Amino acid sequence: MKKRLYPLILLAVLAGFPLVVEDNYYQHLMILFLMWVVIGSAWNMIAGYTGQVSFGDAAFFGSGAYAAGLLAHHLHVSAWWGMAIGGLAALAVGFPFGWICFRLRGAYFALATLALNEVLRHGTTIAESFTRGMLGIMIMPTFVSKVPYYYIALGMAVVSVLSVRLLIRSKPGYYFVSIREDQDAAESLGIDTHFYKMLSLAFAAFWTGMAGSLYMNYMGFIDPHVVFSLHDISIMAILVGIVGGVGTVYGPTVGAFIMVAVQEMFRSGFFGLFKFLAETTGSESVRALADVLTKGHVLGFGLLVVLVILVLPNGIVGDWDKIKKKVFRIHSPA
Amino acid sequence: MDVFLQILVAGFLKGGLYALIGIGMTLIMGVMGIINLAHGQLMMVAMYVTFVLHSFFGVDPYLSLFVAMPALFLLGVVIQKYLLNPLIKAETILPENQVLMTVGIGMVLTEVIRFIFKSDYKSVTTSYTGATFFLGSISFSWALVVAFGIAVAFTVAMFFFLIKTDLGRSIRATAQDKDAAILMGVNTRRITVITFGLGTALVACAGTLLVPVYYVFPDLGGPFTAKAFIITILGGLGSTVGAIFGGVTLGLAESLGATYLGMEYEDIVGLTIFVLVLLFLPGGFKRLTKV
Amino acid sequence: MAYFKVESLVKYFGGLAAVNGVSFEVAKGEIFGLIGPNGSGKTTTFNMISGYHRPTSGRVIFKGREIHHLKTYKICKLGIGRTFQVVKPLGRMSVLDNVIAAAFSRVNTMAEARELAQKSIEFCGLSHVRDVLAKSLPIAGRKRLEITRAMATQPELLLLDETAAGLNPTELIEAIDLIKKIRDNGTTIVIIEHIMHVIMTISDRIHAINFGQTIAEGTPVEVARNQAVIEAYLGTDYA
Amino acid sequence: MRIVRKGLIGIFVLVMASFLCGAASAAEPIKVGVVLPLTGSMAKFGEIERRSFEMALEEINAKGGVKGRKIELVFEDDTGKPDVGRSAVEKLISRDKVPVVTGGYSSAVVAAAAPVAHQLKVPFVICTGAADDVTEKGYEYVFRINPTASEYPEATKSFLKGVAKVKTAVILYENTQFGQSSSKAFEEDCKELGIQVLMKEGYSAGAIDFKPLLTNVKAKNPDLIYMVSYVLDASLLIRQAKELDINPKLFVGGAAGFTLPEFQMSAGPAAEYVFSATLWTPNLRDKDYPGAKKYFDNFRARYKSDTEYHGAEAYASMYVVADALKRTKSFTPKDVRDALAATNMKTAFGPVKFISYGKKTQQNKLPTYLVQWQDGKLETVWPKDVATKKALYPTPKWSARK
């Protein structure tokens, strides 16, 4: 019974967070975290559950963001309308793509998603007259306070995680996992694999697109290199999934928290801890260490990725039993 | 007509370098069955090796091939042995963990280089950097012609190595059918390590040849990784001849596209061909040439 | 009208004919054996029936309807289930979940699927490993899971591809019992089998092929005495 | 496994401690926030700017700081990415409680961070990010020292009007924010000057081979080739123009890469005669650019590396911020903003005054210059009154050079 309560407790904490912590900075980080929960859950659906690894999530993210941005730019309506069509725009990109490319399996499909990502990035850059190219699209964010964004992001995160949960415990979920495990066997069990792969892709595209239009509204600025970024969006989505745990409901949530926190921690030199230590101790070596740490933060991040894949190939939620055993020496009864 | 010929020459010369990049990738992809997303980054490391040798010891870039290639071979061996092979054993839901590992490795390589050399753009200027000769009105860059020659030489050497030697045959056998190779008594684990080393050495060669006509900076790996897998898919996994075709095709297609569609379409042309081949000629040129 | 029939099926891979004009009819309720040496085209025939391969020419007719142009999942929905020679368990799902996934081909809600799956598991005698991950089953368990899963799709016609291979004598007896039980339950069975005594015991009729072509058809006794069959299996020396 | 466990606990303690320590710092000096790309692909310029900020800071503090208090700079790394830049500015404003933020190198980062400053009502003095529309949105709390990208070709324009009266031009630009906006601006200028633009084409930065582009250029045979390129694309372009023997009357670079020493180093003799727009050179008159030369020399002496206009922008920004802090009634962001709005001073980067014109608000307007590589040195050649050397025009054919 206790296990069932955890998500509820977490939800309560998240709902209360902006009321307790009024610091803009932390609220901002939490919004990013929630956004990555949505993207990570979406990626997890297509890759983790259905086994069709996408290296091009940014294609959907960017489509959603540009749908909202272009709407605001060309029609001068609020970019919030983009939230209504952002997910659909990503679907519009994902649908024909999946239709054509789902005949590809495994790594070939992954490469095709990567190509889609790159084509869209170059395309939006070149189509200057329509997309403003690299000038990007800039809008004035609607709210000064972060709280509305926070609750919108929280709402999206909750709905997306819940929908993952519902979906995987029903017919489509069983079908997704069957496809991941063995596509031929799945076919023989009466599963229209093409249809269900499309369904899974549609889910992923929709939520990633929604996250993209949220990003547009919240950040107020996008350009092709930001929203179609292979490294900062597509690979990050994969890392969120992998670090948290592929094919687990709450894995992406854990992964998103860790990735956002770690990234910020490395970037800010452990939230300024080393700088603080350097100043209080006045020690040159600590200062040098702080310097190295801040300069090498992407390196630290990369090393962490390598380490996690090496040590926890199924992510933190996926390898939780292993972690419990090794670190806390708690042996789960065999 | 002049424009057309000039572009053909430019595309062809560039294609030679691409072929060399592609052969390294195709071997790795063929043998390991994974995409190596750190390929371009490894090339970048080789370019820095060449840059250091040139600017601190005055070694000519072509001579530094003898250092850069062995050095990168070792780096490749270490990566395969200690970072990629252990993942084969791990029980994971997605087989793509190895691919992600290469992403991580790529990041680490880029950042290590950035850490040492900063984000500065470095270039190696030699006496032959801008040297050209003309055939009629068509200009040839000496450095690219030499690079093309060396690339062809390595490719031919690689081809005969794969066909004539035992090791080469084992590699090809592993690339074609891993399970069968194991049954035939091939130590596939050792083969993967050697292959990764070889692939890395070849891309190191390409990088080194590129140094005199290009420049080096930490982030240049990514685009070349992309080109490498386009070439590999064009040529067909594990096919050396395919990689040569793929490389030259990509070189020509990029140049022609850039000329007649616009320079900004250069990358899109490559990607489009890539997707078309994926869909309509799965298996790449290998399907046509059967080598 | 025959219940199920294949008509001069032909399948070329590249320039080679894997199956070259196989025809047979199966009556409702019988166990129909398909035999032949390795590479004679048995599994390819199965693959064409179940929609994995499209025949180069020929027809597959089930209850009067042409099905050879249909996709695999549609054929399953029509009531033809199959197992694989090389087992394909859904490895990281439990036995129960494997079967539930199959049951969803007939029902839509979780509760119904669970019930159907439970029935199928009990029927096939896998209850004791219900919650075990499919990949950790021994080979006999996996073979049986293949059947259990296929049964959960409630087939009228079941294609069994070497379900007895690799089993020990006790397991063999169990397998034979299960196959009979399935037939008695009203399911028609087409079975490929290498172990002669199994196929001879359970089949009502047997169809033998070699090099993709029919060489004999008849009752087990007739086929066993057939000259062409003996030659195909033992070589001309023994004939 | 004990070690792992201890390590985990250690990390936990570290993290918790780091959360706490942010809160505890007495505010003796006045904190000023600076966002710069200290890591990532733009780190080269982020580093030049950071050093320039620090140099200016030391000079100001050595003279007693402002109102008897020292200034302290809080650097935040934006890694060149807009979302990170935004986090950084938010952290500076809400956690470090700085009354003013400056820095801002990448246009994308600036575009994402400016609305934050505007909404949280803390002044943001942009020193570099040149995207035009950042100061076209009416952000009350956003100031920019750097001229906008579209104004970079001003000096080129007057040179073309006064000296090099060409008839045809080709515009090549990298597909970046800066490239797209300044090429567009130059195209407008050409229209105004009656120059026919034969071709305008973008490319993605980092191409190996520009021959496809240049072969087309050669076939068009223009009088002027205008290029907006970053440093090594710039050098490849000019080197390959030489390889293809393309001979326009002049090559002009639109700032960015063409003025950097790396360009000359990499392009070698091919760099000769190449013009470039620039915002700043160390040799500008002391009357309008007090301390420019001194800044340049000090920087080189201290860091043993080169600086250029980005550094000067940063250096000047520090002085502008300090000046506003001196004049402000109090250190509340509102008062600092008002003080900034009233800025009217001369810096090493030129006169700074935040004015509104056209659609722009609180934008500094500066003249631009035309420089040319002559004998391996960058000489200012236009406008005439500040020229160090006479412009060499027209450019000799490649075959006629030594």
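The values are calculated or read from the model by the stated rules, or taken from the named source; none is laboratory data. Since the model is a prediction, treat every value here as computed from it, not as a measurement. When we count neighbours, we look across all protein chains shown, and the Cβ atoms used for this are built from the backbone with ideal geometry, even at glycine. Accessible surface is based on the protein model in full, side chains and every heavy atom, while ligands, DNA and RNA are left aside. Shrake-Rupley method; radii C 1.70, N 1.55, O 1.52, S 1.80 Å.
Exactly one residue among B:13, B:5, B:37 is open to solvent by 10 Å² or more (accessible area, probe 1.4 Å) and not in a helix (DSSP H, G or I), and that residue is B:37.
Annotation: of all residues in the stretch C:36-70 being of a type in the set (Val, Ile, Thr) and over 13 Å from residue C:20 (Cβ atoms), the one that is most open to solvent (accessible area, probe 1.4 Å) is C:43. I want to confirm something. Restricting to the stretch B:195-223 and keeping residues that are open to solvent by less than 10 Å² (accessible area, probe 1.4 Å), β-branched (Val, Ile, Thr) and assigned to a helix (DSSP H, G or I), which single residue is nearest to residue D:232 (Cα to Cα)? Ranking the candidates gives B:211 first. Taken over the stretch B:86-98, residues that are more than 7 Å from chain A (Cβ to nearest Cβ) and at pLDDT 75 or above amount to 2. Going by the structure shown, is residue B:192 out of contact with any Ser or Thr (no Cβ under 8 Å at 6 or more places or on another chain), hydroxyl-bearing (Ser, Thr, Tyr), open to solvent by less than 20 Å² (accessible area, probe 1.4 Å) and touching a residue at least 24 places away in the same chain (Cβ under 8 Å)? For residue B:192, the condition - out of contact with any Ser or Thr (no Cβ under 8 Å at 6 or more places or on another chain), hydroxyl-bearing (Ser, Thr, Tyr), open to solvent by less than 20 Å² (accessible area, probe 1.4 Å) and touching a residue at least 24 places away in the same chain (Cβ under 8 Å) - is not met.
Is the stretch B:114-135 home to any residue that is at pLDDT 85 or above, in a helix (DSSP H, G or I) and more than 10 Å from every other protein chain (Cβ to nearest Cβ)? Yes; the residues of the stretch B:114-135 include at least one that is at pLDDT 85 or above, in a helix (DSSP H, G or I) and more than 10 Å from every other protein chain (Cβ to nearest Cβ). Using the structure shown, decide if residue B:237 is within 12 Å of another protein chain (Cβ to nearest Cβ), over 23 Å from residue B:110 (Cβ atoms), open to solvent by 20 Å² or more (accessible area, probe 1.4 Å) and at pLDDT 85 or above. Taking the combined requirement at face value, the residue does not satisfy it. Of the strands (runs of 3 or more DSSP E) lying entirely inside the stretch C:1-97, those carrying at least 2 residues that are away from every other protein chain (no Cβ under 14 Å) are C:4-13, C:16-26, C:31-35, C:57-62. Restricting the stretch D:207-229 to residues that are at the interface with chain B (Cβ under 7 Å from one of its Cβ atoms), hydrophobic (A, V, I, L, M, F, W, C) and in contact with a helix residue (DSSP H, G or I) (Cβ under 6 Å, 6 or more places away or on another chain) leaves a set whose member that is most open to solvent (accessible area, probe 1.4 Å) is D:219. Checking the stated criteria, residue A:123 turns out not to satisfy the condition of being among the small types (Gly, Ala, Ser), open to solvent by less than 10 Å² (accessible area, probe 1.4 Å) and within 12 Å of chain D (Cβ to nearest Cβ).
Quick one: is residue A:37 within 20 Å of the chain's Cα centre (by Cα), among the β-branched types (Val, Ile, Thr) and open to solvent by 10 Å² or more (accessible area, probe 1.4 Å)? Please lay out each step first, then the result.
Working: within 20 Å of the chain's Cα centre (by Cα): yes; among the β-branched types (Val, Ile, Thr): yes; open to solvent by 10 Å² or more (accessible area, probe 1.4 Å): no.
Taking the combined requirement at face value, the residue does not satisfy it.
Of all residues in the stretch D:41-64, those satisfying the criterion of being open to solvent by less than 10 Å² (accessible area, probe 1.4 Å) and not aliphatic (A, V, I, L, M) are D:45, D:46, D:49, D:52, D:53. Residue A:125 - would you say it is on the phi < 0 side of the Ramachandran plot, touching a Cys at 6+ places or on another chain (Cβ under 8 Å) and among the polar types (S, T, N, Q)? It is false that residue A:125 is on the phi < 0 side of the Ramachandran plot, touching a Cys at 6+ places or on another chain (Cβ under 8 Å) and among the polar types (S, T, N, Q).
Consider the stretch D:355-397 and keep the residues that are aromatic (Phe, Trp, Tyr) and open to solvent by 20 Å² or more (accessible area, probe 1.4 Å). The one that is farthest from residue D:252 (Cα to Cα) is D:357. Exactly one residue among A:248, A:193 is within 14 Å of chain C (Cβ to nearest Cβ), more than 13 Å from the chain's Cα centre (by Cα), hydroxyl-bearing (Ser, Thr, Tyr) and within 21 Å of residue A:154 (Cβ to Cβ), and that residue is A:248.
For every residue, the table says whether it meets (1) on the phi > 0 side of the Ramachandran plot; (2) within 14 Å of another protein chain (Cβ to nearest Cβ); (3) in contact with a strand residue (DSSP E or B) (Cβ under 9 Å, 6 or more places away or on another chain); (4) assigned to a helix (DSSP H, G or I).
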| residue | (1), (2), (3), (4) |
| --- | --- |
| D:235 | no, yes, no, yes |
| D:248 | no, no, yes, no |
| D:252 | no, no, yes, no |
| D:306 | no, yes, no, no |
| D:323 | no, no, yes, yes |
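Identify all residues within the stretch B:240-269 that are of a type in the set (Gly, Ala, Ser) and surrounded by 24 or more Cβ atoms within 10 Å (Cβ to Cβ); write none if there are none. Correct list: B:242, B:243, B:246, B:247, B:251, B:255, B:258.
One residue stands out in the stretch A:251-262 among those that are within 14 Å of residue A:35 (Cα to Cα) and among the aliphatic types (A, V, I, L, M): the one that is farthest from the chain's Cα centre (by Cα), namely A:261. Just so you know, in the stretch A:138-172 the residues that are within 24 Å of residue A:252 (Cβ to Cβ) and of a type in the set (S, T, N, Q) include one that is farthest from the chain's Cα centre (by Cα), and it is A:170.
For every residue, the table says whether it meets (1) of a type in the set (Gly, Ala, Ser); (2) touching a residue at least 40 places away in the same chain (Cβ under 8 Å); (3) under 24 Å from residue A:104 (Cβ atoms).
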{"site": "B:179", "(1), (2), (3)": "no, no, yes"}
{"site": "B:185", "(1), (2), (3)": "yes, no, no"}
{"site": "B:198", "(1), (2), (3)": "no, yes, no"}
{"site": "B:233", "(1), (2), (3)": "no, yes, yes"}
{"site": "B:259", "(1), (2), (3)": "no, yes, no"}
{"site": "B:275", "(1), (2), (3)": "no, no, yes"}
{"site": "B:284", "(1), (2), (3)": "yes, yes, yes"}
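Restricting attention to the stretch B:63-80, the residues that are open to solvent by 40 Å² or more (accessible area, probe 1.4 Å) and more than 18 Å from residue B:41 (Cβ to Cβ) add up to 4.
Can you find a residue in the stretch D:79-91 that is open to solvent by 10 Å² or more (accessible area, probe 1.4 Å), in the same structural domain as residue D:306 (by TED's automatic domain parsing) and more than 29 Å from residue A:135 (Cα to Cα)? No, the conditions are met nowhere in the stretch D:79-91.
Taken over the stretch D:114-131, the criterion of being at pLDDT 85 or above and at the interface with chain A (Cβ under 9 Å from one of its Cβ atoms) is satisfied by D:114, D:115, D:116, D:118, D:119, D:120, D:121. Looking across the stretch C:106-119, the residues that are open to solvent by 10 Å² or more (accessible area, probe 1.4 Å) and in contact with a helix residue (DSSP H, G or I) (Cβ under 7 Å, 6 or more places away or on another chain) come down to C:106, C:107, C:108, C:114, C:116.
For residue A:84, the requirement of being open to solvent by 20 Å² or more (accessible area, probe 1.4 Å), assigned to a helix (DSSP H, G or I) and either within 19 Å of residue A:155 (Cα to Cα) or touching a residue at least 40 places away in the same chain (Cβ under 8 Å) (or both) is met.
Residue A:199 satisfies every condition listed in (1) within 14 Å of chain C (Cβ to nearest Cβ); (2) in a helix (DSSP H, G or I); (3) surrounded by 24 or more Cβ atoms within 10 Å (Cβ to Cβ) except (3).
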